[in-house]
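Engineer: Sharing a structure below in structure tokens format, with a few things to ask.
The values are calculated or read from the model by the stated rules, or taken from the named source; none is laboratory data. Here the structure is a predicted model, which is why all the values come from computation and not from measurement. Here the Cβ positions follow ideal geometry from the backbone for every residue, glycine too, while neighbour counts run over all protein chains shown. Remember, those area values only see protein heavy atoms, side chains included, never the ligands or the DNA or RNA. Shrake-Rupley method; radii C 1.70, N 1.55, O 1.52, S 1.80 Å.
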Amino acid sequence: MSTEQQSEQEIRQQEIANLRRDGIVPFEYKYDVTSSIAEVLKKYEGLQVEEEAKDKLSLAGRIIARRGHGKAQFGNLMDDSGTIQYYAKLDLLGDGPYALLERLNTGDFIGIEGVAFRTKRGELSIKIEKLTLLTKTIAPLPEKYHGLTDKELRYRYRYLDLIANPQVKDVFRKRSEIIRLIREFLHKQGFVEVETPVLQTVAGGAAARPFVTHHNALDMDLSLRISHEIPLKKLIVGGFEKVYELGKAFRNEGISYKHNPEYTLMELYQAYTDYEGMMELMEEICSYLVHQLYGTHVIQYQGQTVDFTTPWPRVEYTEINLDEFEEKTIRPTFLVNYPKAESPLAKPHRSRADIVERFEVVCCGMEIANAYSELSDPLDQRERFMDQARQRAAGNEEATMMDEEFVKALEHGLPPTGGLGIGIDRIVMILTDQASVRDVILFPHMREKQES
């Protein structure tokens with residue numbers, strides 16, 4: 001903290017003490033709001049210059065700008081929905097409340113009651129008739145509210161980013177809408193949403209390094225899950241035919257523009273289908289999302305046109321250089337039929353040796369989905385786990401872990417099943433036109449801040 005910031009905070013702390021001395025509550029308990037700012041802007045957009053509405057309203061929000069002095073002053077008030085100008089006049093508000101308004105800072109929260117009117121300059125505003133201090137701030141807004149532009153600071157202090165750059169909230173509102181639409185689509189398709197353990201004795205279902213922790217009461221090591229796969233397939237064994245889970249997964253790996261160690265994953269499993277059925281379902285999910293959000297199947301991502309129109313192209317995995325394919329592939333594309341050695345949980349291809357029925361979807365230079373015809377032969381599964389165990393013993397820390405309990409479940413019978421996993425963060429990146437996964441995660445992981 002700079003000396004200047006420290007000085008300003010000390011001044012504000014003294015001001016809080018002065019408010020309390022004067023009988024003014026600096027941290028109010030509640031405030032009754034009748035309208036959001038967006039609702040006011042819409043309702044009164046037809047007011048003419050210098051016309052005043054008749055009905056009273058109350059708003060609450062944060063002061064983000066102040067100007068004027070003497071017997072009249074203007075300011076801007078921001079709530080979750082938008083920003084509006086307020087106007088305070090000494091003879092209308094009264095000596096005490098007007099003096100209180102003059103003592104406030106940008107960043108403080110207030111409640112105002114009054115009427116909407118349009119100024120001589122044509123700006124829709126609120127004429128304050130009553131003022132309530134809701135929260136007195138100690139720390140100033142970032143860069144005096146001229147904006148928080150440093151990326152690292154924006155990610156580290158997301159709450160300040162949202163204040164200084166309110167358009168960021170639109171990305172996360174869109175993220176919420178995308179997740180809602182995915183659930184809506186799957187519900188219509190008859191899928192049941194379930195919850196499975198985050199702490200697992202065996203972190204299976206993917207080739208990745210897990211985060212390991214220790215349960216003190218049970219005196220046992222546990223891992224944060226790297227996928228939802230194994231418990232969901234156990235539910236198919238148990239009689240569910242369509243299940244999905246949308247939640248966090250954790251991989252102890254690097255951080256990049258498309259990787260975060262904690263990420264959101266949606267996995268679904270459907271009985272009596274295969275990877276062909278999963279390709280159709282993937283196309284349907286994405287088509288539904290894009291059309292519901294934008295009314296079209298063609299969008300822009302980072303200056304490039306992305307066409308989600310189905311059917312999507314299919315490319316044999318064994319025929320391409322994966323790194324160069326991913327980088328150059330913009331339109332969603334299926335990479336199909338993977339080597340058996342790379343896919344220990346996928347069913348063998350029905351007509352090709354050493355190949356499994358697996359696909360990944362690549363779009364905008366990123367893998368966004370992975371799917372199989374699920375392996376249901378417990379003898380084959382045990383042998384593949386043993387092969388993975390040999391790889392781990394040889395030093396491959398990302399080899400899939402042996403899961404004897406899962407093999408036992410398969411011995412009770414897994415029907416023909418298709419499984420699909422979708423990386424939600426990357427889907428959101430594409431559908432909100434964001435260049436980094438950090439821009440669609442509210443609190444991305446950061447290195448510890450080095451204090452100067």
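Engineer: All but one of (1) touching an Asp or Glu at 6+ places or on another chain (Cβ under 7 Å); (2) open to solvent by 60 Å² or more (accessible area, probe 1.4 Å) hold for THR201; which doesn't?
Structural biologist: (1)
Engineer: Which of the residues belonging to region 207-216 are part of a loop (DSSP other than H, G, I, E, B), among the aliphatic types (A, V, I, L, M) and open to solvent by 20 Å² or more (accessible area, probe 1.4 Å)?
Structural biologist: Going residue by residue through region 207-216, those that are part of a loop (DSSP other than H, G, I, E, B) are 207-211, 216.
Then keep just the ones that are among the aliphatic types (A, V, I, L, M); that gives 207-208.
ALA207 - this is the single residue of region 207-216 that is part of a loop (DSSP other than H, G, I, E, B), among the aliphatic types (A, V, I, L, M) and open to solvent by 20 Å² or more (accessible area, probe 1.4 Å).
Engineer: Of the conditions (1) touching a helix residue (DSSP H, G or I) at 6+ places or on another chain (Cβ under 9 Å); (2) at pLDDT 95 or above; (3) open to solvent by less than 20 Å² (accessible area, probe 1.4 Å), PRO348 clears all except one; give me its number.
Structural biologist: All conditions pass for PRO348, except number (3).
Engineer: Shifting gears a bit: Looking at the structure I just gave you, is ARG103 under 22 Å from ALA72 (Cα atoms) and open to solvent by 50 Å² or more (accessible area, probe 1.4 Å)? Give the derivation first.
Structural biologist: Working: under 22 Å from ALA72 (Cα atoms): yes; open to solvent by 50 Å² or more (accessible area, probe 1.4 Å): yes.
Judged against the criteria, ARG103 is a match.
Engineer: Kindly check whether there is at least one residue in region 408-421 that is open to solvent by 70 Å² or more (accessible area, probe 1.4 Å), among the acidic types (Asp, Glu) and closer than 18 Å to ARG209 by Cβ.
Structural biologist: The answer is no; no qualifying residue exists.
Engineer: I've got another one for you. Being open to solvent by 20 Å² or more (accessible area, probe 1.4 Å) and over 26 Å from the mean Cα position of the chain (by Cα) is the filter here; which residues of region 231-248 pass it?
Structural biologist: Let us first name the residues in region 231-248 that are open to solvent by 20 Å² or more (accessible area, probe 1.4 Å), namely 231, 234-235, 237-242, 246, 248.
Passing the criteria: LYS234, LEU235, VAL237, GLY238, GLY239, PHE240, GLU241.
Engineer: Follow-up. Can you pull out every residue in region 41-82 that is touching a residue at least 40 places away in the same chain (Cβ under 8 Å), in a loop (DSSP other than H, G, I, E, B) and open to solvent by less than 50 Å² (accessible area, probe 1.4 Å)?
Structural biologist: TYR44, LEU47, ALA53
Engineer: A further question follows. If a residue has to be assigned to a loop (DSSP other than H, G, I, E, B) and either among the aromatic types (Phe, Trp, Tyr) or over 24 Å from ALA38 (Cβ atoms) (or both) to count, how many in region 83-109 make the cut?
Structural biologist: Step one: of region 83-109, the residues assigned to a loop (DSSP other than H, G, I, E, B) are 94, 104-108.
With the extra rule that they be either among the aromatic types (Phe, Trp, Tyr) or over 24 Å from ALA38 (Cβ atoms) (or both), the set shrinks to 94, 105.
Total meeting the criteria: 2.
Engineer: Show the residue pairs that are 6+ apart or on different chains and have beta-carbon atoms under 7 Å apart, the first residue being within region 129-140 and within 17 Å of VAL115 (Cβ to Cβ) and of a type in the set (S, T, N, Q), the second being open to solvent by less than 30 Å² (accessible area, probe 1.4 Å) and modelled with pLDDT of 95 or more.
Structural biologist: These pairs meet every condition: THR132/ILE110; THR132/GLY111.
Engineer: Looking only at residues in region 317-338 that are out of contact with any helix residue (DSSP H, G or I) (no Cβ under 7 Å at 6 or more places or on another chain) and closer than 25 Å to ASP377 by Cβ, which one is surrounded by the fewest Cβ atoms within 10 Å (Cβ to Cβ)? Steps first, please.
Structural biologist: Here is the first cut: in region 317-338, the residues out of contact with any helix residue (DSSP H, G or I) (no Cβ under 7 Å at 6 or more places or on another chain) are 317-331, 333.
Keeping just the survivors that are closer than 25 Å to ASP377 by Cβ gives 317-318.
Working: TYR317: 20, THR318: 13.
Step by step, filter region 317-338, then rank; the result is THR318.
Engineer: For the list (1) surrounded by fewer than 19 Cβ atoms within 10 Å (Cβ to Cβ); (2) within 28 Å of GLU15 (Cα to Cα); (3) in contact (Cβ under 8 Å) with a residue 12 or more places away in the chain, I need the number of the one condition that ALA88 fails.
Structural biologist: (1)
Engineer: Here is a follow-up. Go through (1) within 39 Å of the chain's Cα centre (by Cα); (2) over 16 Å from LEU124 (Cα atoms); (3) open to solvent by less than 20 Å² (accessible area, probe 1.4 Å); (4) of a type in the set (Phe, Trp, Tyr) one by one and return the number of the condition PHE109 breaks.
Structural biologist: With (1) within 39 Å of the chain's Cα centre (by Cα); (2) over 16 Å from LEU124 (Cα atoms); (3) open to solvent by less than 20 Å² (accessible area, probe 1.4 Å); (4) of a type in the set (Phe, Trp, Tyr) applied to PHE109, the lone miss is (3).
Engineer: Would you check if TYR372 is in contact with a Gly (Cβ under 6 Å, 6 or more places away or on another chain), buried (at least 20 other Cβ atoms within 10 Å of the Cβ), in a strand (DSSP E or B) and of a type in the set (Ser, Thr, Tyr)? Show your work before the answer.
Structural biologist: Working: in contact with a Gly (Cβ under 6 Å, 6 or more places away or on another chain): yes; buried (at least 20 other Cβ atoms within 10 Å of the Cβ): yes; in a strand (DSSP E or B): yes; of a type in the set (Ser, Thr, Tyr): yes.
Criteria met by TYR372.
Engineer: I've got another one for you. Kindly evaluate LYS127 against the criterion of being surrounded by 15 or more Cβ atoms within 10 Å (Cβ to Cβ) and at pLDDT 95 or above. Even if it seems obvious, please write down each step before you answer.
Structural biologist: On the way: surrounded by 15 or more Cβ atoms within 10 Å (Cβ to Cβ): yes; at pLDDT 95 or above: yes.
For LYS127, the condition - surrounded by 15 or more Cβ atoms within 10 Å (Cβ to Cβ) and at pLDDT 95 or above - is met.
The rows are residues; the columns are (1) of a type in the set (Ser, Thr, Tyr); (2) without any contact (Cβ under 8 Å) to a residue 24 or more places away in the chain.
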| position | (1), (2) |
| --- | --- |
| VAL306 | no, no |
| PRO313 | no, yes |
| THR318 | yes, no |
| ILE330 | no, no |
| PHE334 | no, no |
| TYR338 | yes, yes |
| ALA346 | no, no |
| ILE355 | no, no |
| ARG358 | no, no |
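Engineer: Separate question: Residues to consider are GLY418, GLY423; find the one that is in contact (Cβ under 8 Å) with a residue 40 or more places away in the chain and closer than 20 Å to LEU235 by Cα. Show your work before the answer.
Structural biologist: Working: GLY423 fails: closer than 20 Å to LEU235 by Cα.
Just a single option satisfies the conditions, and that option is GLY418.
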